[in-house]
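Let me begin by presenting the structure, written as structure tokens, before commenting on it.
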Amino acid sequence: MRHAAAPLLLAPLLLLLGGAYVVPFLGVMRWSVTLPVPGFGQYVRLFTDPLVLSVFLRSFRICAIVTTLSVIAAYAICCIWVRGAPALRIIAEFCILVPFWISLLTRAFGWVALLSSRGLINTWLQAAGLIDEPLPLSQNEFAVILGMTHFLIPFAVFPLASAMRAVDERVLLAARGLGARRARIFWSVFVPMTRAGLIGATMLVFVFALGFFVTPAILGGGRSIMLAELVYVRIFQSPDWGLGAAISVVLVVLVGGLLALLFRLVRPAQLVGAR
Amino acid sequence: MAEIELSARGIGKTFGAFRALADVSLDIERGEFLTLLGPSGSGKTTLLMILAGFQAPSEGRLLSAGADVTARPAEARDFGMVFQGYALFPHMSVAANIAFPLRVRRLPARDINRRVAEMVARVGLAGHADKLPAKLSGGQQQRVALARALIFAPRVLLLDEPFSALDKSLREQMQVEVKRLHEETGTTFVFVTHDQSEALALSSRIAIFDHGRLLQIGHARQVYEQPANRFVAEFLGDINLFSLTDIAAADDGIGGRCEGGEVRLRPAAPIAGGRAILAVRPEHMTLAPLPGQNALPAVVERRTYLGASTRLDLRTPGGAALTLTLATHSLAGGPDRGQTVRVFWPEDRGFLLSDGA
Ligand SMILES: Nc1ncnc2c1ncn2[C@@H]1O[C@H](COP(=O)(O)OP(=O)(O)OP(=O)(O)O)[C@@H](O)[C@H]1O
Ligand SMILES: [Mg+2]
């Protein structure tokens, strides 16, 4: 149903977004070209300063790995959730929903408790006499990737589940009837038919991952700094607002570009599971 | 006796407490066009799924060339299947859809291309080979589904209501094409429909189902003209039913009382108990008197113009309803509503159904 007053219903949301995001972002943009001196010096630094460059590269590398792992894990969970035996479905659903009830911070500290040198895993392994020195499980990239992947899997699940639910069972039966075995059906029919979900999940997770702050900060131990943390450090610790602002602007433009691409490739409704 | 391609022996299927198929036994002859006909929910799709190997029967066996194939999985049966709604691969072009069974069988690319091109031409899709299924009309998608199911020369082609989504003229066109493909390929076709005229037009044999039971199987003419019971008679087309009493042998047939008059039927044998239902197809009845025919008086209740033909709904003085379908030109000025007419039919038309069915 369309109604002349429908746009009015959106007005509060638009006002909120404008006031809370657009206006402050314009301020950030101004900083990036005025601090400490007017000009595009900060943007030049972005591409020349070895520290900044290395953080960019590390961020993209970690995000790419995390995205790949999350989407693959989510795909497997989804196959069970959407197409598995009824008992397995309930377990899968539980695994998908429970993480949403636990805050990001709690989960990050959960991983610390598990992975740190005096955490559960190392203590157990030492008690069992399997290792002498604690394994380097935390305060490094491995821990960051693990924590981020764990957090992002549920976000990949919804676009994938929506794509899998849309697959017509009869098409899979047809493939069988034409002589295809399970692996063949999975790779040549099922996966291509869920392509929209795969693209959506990949881009969604990648965009989320780029903006990650808490998990890398807690599990990375300051050694594998990522972009969001670099912005934080430049603004709140070393007074280098111009650079922090320039990084922010580049990130926003990048994410905006990725989202625009995403919505060209996939209908937004497919991302949230609506059909 | 034709060779048997596949036999069902006492096939039953239950879903929970619900019995979808009960004790179905039939032989499918090599190269025949067998139609499974029945109302919605009668178990046709279930039987087809069992024949295809997508579902396992709860009881009974499937035999092929003397071997028990009940447990053989669908992908190993080498049967083609055309699903209701086509079930094409939406991400593959027409050519890739049709090539799929050959790719799965790892044929050399050259053979695949040649056979796909041949098949595309045969089903009239030349020029559409590179399109995605979503860009095709319903009839074209149907052809892709047929081509894909036939290209690997399956031993049997199973079709589940393939035309139910098509409009009438396209449906008739596709019926002709399916019939042609059947003749050209010599493949055994098992075709599901709930449309009796489609079944009669296409099939060499028809199996009629109701409530999961096989009621009758036979040649189209046989089931139409000698239905085993009242359900089959009524399902296969309009039919007029009268109760017939005092049945006694007469000449080479029988005679009896019907709606207050005397009628004869031959050839026929007297029935124990002396009562039965007399069934006559509307197309065998006329308003034109001929000597030596059966006749009944009836009042016209409604006259319906159907173009080339006109349908008359009548009622006998005894209260039995009957319909007649007559060429419109033969009724110029003919009987109107409320008029009493005499209805005639030859003594060798019609058949007896046991009473109480
Ligand atoms: N998987 C299932 N679970 C439970 N009941 C089923 C299942 N499949 C079929 N049935 C039931 O079995 C009966 C026969 O179904 P089937 O699909 O074989 O009918 P059909 O003759 O093909 O009907 P239609 O002409 O409507 O397609 C129906 O009452 C249906 O509800
Ligand atoms: Mg059906």
Completion exercise
Across B:74-82, the residue-averaged tally of Cβ atoms belonging to other chains within 10 Å stands at 5
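I need the GluC sites (Glu not before Pro) found in region B:1-56, filtered to DSSP loop residues with at most 11 other beta carbons within 10 Å of theirs. The partial results should precede the final answer.
Values: sites: B:3, B:5, B:29, B:32; in loops: B:3, B:32.
Taking region B:1-56 and a limit of 11 other Cβ atoms within 10 Å, the loop GluC sites (Glu not before Pro) found are B:3.
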Completion exercise
Note, region B:290-296: 3J(HN,Hα) by Karplus (6.51, -1.76, 1.60, θ = phi - 60°), whole Hz, Gly/Pro = x, goes 9, x, x, 9, 6, 9, 9
Fill in the blank from the handout: trypsin sites (Lys or Arg not before Pro) in region B:100-163 lying in a DSSP loop, each with at most 10 other Cβ atoms within 10 Å of its Cβ, come to B:106
Problem - In sequence order, calculated HN-Hα J values of region B:277-285 (Karplus, 6.51, -1.76, 1.60; Hz; x Gly/Pro) - result: 9, 9, 10, 9, 5, x, 6, 8, 9
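Which of the trypsin sites (Lys or Arg not before Pro) across region A:183-261 are loop residues per DSSP, with 15 or fewer other Cβ within 10 Å? All intermediate terms of the calculation are to be shown ahead of the outcome.
On the way: sites: A:184, A:195, A:223, A:234; in loops: A:223.
Those that pass, being in a loop and sparsely packed, are A:223.
Assigning unit charges at the beta carbon (Lys, Arg +1; Asp, Glu -1) and nothing else, what dipole magnitude in debye, to the nearest 20, does the protein assembly as shown show about its Cα centre? Write down the numbers at each step before the final one.
Working: 61 positive and 47 negative charges, 364 e Å.
Roughly 1740 debye for the protein assembly as shown.
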Exercise for the section: Could you let me know the centre-to-centre spacing of region B:210-275 and region A:36-57, using Cα atoms, in angstrom? Expected result: 96 Å
Problem - Alpha-carbon centroid distance for the pair region B:1-38 / region A:1-32, whole angstrom - result: 65 Å
Exercise for the section: Please list, in chain and number order, the residues 5+ apart from residue B:240 or on another chain whose amide H is under 5 Å from its amide H, with Hs placed from the backbone. Expected result: B:280, B:281
Problem - Signed unit charges on C-beta, dipole axis of region B:4-233, positive-most listed residue B:108, B:91, B:79 - result: B:108
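Just for the protein assembly as shown, what percent of DSSP beta bridges are antiparallel, to the closest 5?
About 75 percent, rounded to the nearest 5.
List the equivalent ellipsoid semi-axes of the protein assembly as shown in whole Å, largest first, each obtained as the square root of 5λ for an eigenvalue λ of the Cα gyration tensor. Present the calculation step by step, with values, prior to reporting the outcome.
Working: eigenvalues 1070, 170, 110 Å².
The answer is 73, 29, 23 Å, longest axis first.
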Practice task
Could you list the residues of region B:10-29 with an amide nitrogen less than 20 Å from a label point located 7 Å from the Cα of residue A:90 in the Cα-to-C-beta direction?
Solution key: B:16
Fill in the blank from the handout: If one builds a Gaussian network model of chain A from Cα atoms under 10 Å apart, the most fluctuating residue listed among A:66, A:28, A:171 is A:171
Exercise for the section: Output ³J(HN,Hα) for region B:215-231: one whole-Hz value per residue in order, computed from phi by the Karplus curve 6.51 cos²θ - 1.76 cosθ + 1.60 with θ = phi - 60°, and x for Gly and Pro. Expected result: 8, 6, 9, x, 5, 3, 5, 4, 5, 6, 8, 10, x, 6, 7, 5, 4
Problem - Dipole of chain B, positive direction: furthest Cα of B:344, B:58, B:285, with charges on the beta-carbon - result: B:58
Fill in the blank from the handout: Quick calc: nm separation of the 7 Å Cα→Cβ label points for residue A:232 and residue B:30 -> 7.7 nm
Handout entry: chain B - charge dipole about Cα centre, Lys and Arg +1 at Cβ, Asp and Glu -1, debye rounded to 20
Key = 1100 debye
Handout entry: Inter-chain Cβ neighbour average for residues B:85-91, partner chain, 10 Å
Key = 6
Handout entry: Long-range amide H partners of residue B:348 with built H, under 5 Å
Key = B:266
Fill in the blank from the handout: Here the whole-number average of other chain Cβ atoms within 10 Å per Cβ of A:177-189 is 6
Handout entry: Binned Cα-Cα distances of region B:4-233, short to long, each 5 Å bin given as a whole percent
Key = 1, 7, 14, 18, 19, 16, 12, 7, 4, 1, 0, 0
Practice task
Quick one: which residues, 5+ away or cross-chain, put their amide H under 5 Å from the amide H of residue B:192? H built at 1.01 Å from N.
Solution key: B:36, B:159, B:160, B:161
Problem - Net length gained if the chain between residue B:325 and residue B:132 were fully extended (0.36 nm per residue, minus Cα distance) - result: 64.9 nm
Exercise for the section: Report the convex hull volume per residue for region B:238-354, counting only C-alpha atoms, in Å³. Expected result: 93 Å³
Handout entry: Top positive-direction residue, dipole computed over region A:121-275 with Cβ charges, set A:162, A:202, A:130
Key = A:162
Completion exercise
Everything considered on the Cα gyration tensor (a ≥ b ≥ c; rounded for a/c under 1.5, else prolate if a/b is larger than b/c, else oblate), region A:39-271 must be described as oblate
Fill in the blank from the handout: The alpha-carbon center of region B:99-131 and that of region A:208-231 are separated, in whole Å, by 53 Å
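A short reminder: the numbers here are calculations on the coordinates, not readings from a lab. Here the structure is a predicted model, which is why all the values come from computation and not from measurement. Using ideal geometry, Cβ is built from the backbone for each residue, glycine included, and neighbour counts are taken over all protein chains shown.
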